[in-house]
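First the structure, in the form of structure tokens, and then the observations on it.
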Amino acid sequence: MRTSYFFLLSLLLLAFTSCTDSSDDELEMPERSYTKLIERNSDNTFEAELITKGESYYPPRQDVIDATEWSGMEVPETAYWYYNHFDGVLIPYCITTDAIDYYSDLIDQYNANKDDVFFLTAEFTYTANVSFHDVYTSPDTNSEGHNVEPQNFESVYVVTLDLYWMDYCGPLCAMWIEKQRIVVFDESGDLLEVFMDGTISVPVS
């Protein structure tokens with residue numbers, strides 16, 4: 001009888017320990033991860049300067065003001081690259097050096113203060129490329145995906161800037177930003193036209 005009692009007690013202790021370990025596993029938070037990748041691809045100094053020019057251009061400030069009317073955001077006098085925000089993260093109207101630095105600095109801040117960051121994961125990727133075209137036709141849609149009349153160019157350099165941002169703090173808390181800017185220069189490096197600036201569709205949950 002005494003042996004049976006200790007055997008039963010051992011089983012109860014084992015079951016309690018197993019339940020405790022299982023609860024600890026369920027409560028364990030996933031490892032926080034905040035990453036970034038910035039690439040500016042060029043074959044020579046001239047192309048590198050075109051990328052810099054492409055990142056330096058700002059659209060008319062009134063265009064950004066018009067885009068912020070419904071969000072109520074204040075548009076600064078300079079460096080007005082954003083038009084809205086979600087969960088404290090700015091959403092870009094255009095890709096500029098200031099925009100790139102903003103997202104890059106956010107990732108650095110998250111990594112420096114991991115225990116205090118709202119998001120479990122965040123990712124920032126930026127890529128700039130340059131290509132020469134004997135003939136180039138601009139996109140037939142704008143930043144919102146609406147159809148527009150394409151333009152044709154001859155003997156031009158095309159700088160393509162692509163920005164991606166993702167943040168995630170749970171199944172009902174996430175955002176994805178995909179933004180592009182296309183800048184067309186003549187053979188001398190003079191700016192001809194900029195495409196894809198403007199408001200965008202931003203998936204959130």
Env charge @ Gly88, Cβ radius under 15 Å, K,R +1 / D,E -1, value -4
How far apart, in nanometres, would the label points at Ser56 and Val204 be if each is projected 7 angstrom from Cα along the Cα-to-Cβ direction?
3.4
The local net charge around Val202, scoring Lys/Arg +1 and Asp/Glu -1 for residues other than Val202 whose Cβ lies under 13 Å from its Cβ, equals -3
Please report the carbon-and-sulfur percent of the accessible area for the chain; probe 1.4 Å, protein heavy atoms only, DNA, RNA and ligands left out.
52
What is the calculated FRET efficiency for Cys173 to Glu144, with r their C-beta to C-beta distance and R₀ = 25 Å, to the nearest 0.05?
0.50
What net charge do the residues around Val135 carry, taking every other residue with its C-beta under 14 Å from that of Val135, with Lys and Arg at +1 and Asp and Glu at -1?
-4
At 0.36 nm per residue, and after removing the present C-alpha to C-alpha distance, how many nm does the segment from Glu77 to Ser131 gain when stretched out fully?
16.2 nm
Specify the angular offset, from 0 to 90 degrees and rounded to the nearest 10, of the alpha carbon long axis of helix 97-112 from the longest principal axis of the alpha carbons in the chain.
10
Please list the non-local residues whose amide H lies under 5 Å from the amide H of Tyr82, H modeled 1.01 Å from N, same-chain partners needing a gap of 5 or more.
Tyr93
Ordering of 122-134, 87-99 by packing [mean C-beta count within 10 Å, highest first]
87-99, 122-134
Between region 164-189 and region 58-83, what's the alpha-carbon centroid distance in Å?
17
Cα extents of region 33-195 along the three principal axes, largest first, in whole Å?
52, 37, 30
What does the highest-first list of 160-168, 56-64 look like by mean Cβ count within 10 Å?
160-168, 56-64
Between Trp70 and Thr35, what is 0.36 nm times their sequence separation minus the Cα-Cα distance? Round to one decimal in nm.
9.4 nm
About its Cα centre, what dipole magnitude does region 33-195 give when the only charges are +1 on Lys and Arg Cβ and -1 on Asp and Glu Cβ, stated in debye to the nearest 20?
380
In percent, how large is the relative contact order of the chain, given Cα pairs closer than 8 Å and 6 or more residues apart?
19
Using the C-alpha gyration tensor of region 67-163, what are the square roots of 5 times its eigenvalues, in whole angstrom, with the largest one first?
31, 19, 12
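The values are calculated or read from the model by the stated rules, or taken from the named source; none is laboratory data. Nothing here was measured: the structure is a model prediction, and the numbers come from that model. So basically every Cβ, Gly included, is an ideal-geometry build from the backbone, and we count neighbours across all protein chains shown. Accessible surface is based on the protein model in full, side chains and every heavy atom, while ligands, DNA and RNA are left aside. Shrake-Rupley method; radii C 1.70, N 1.55, O 1.52, S 1.80 Å.
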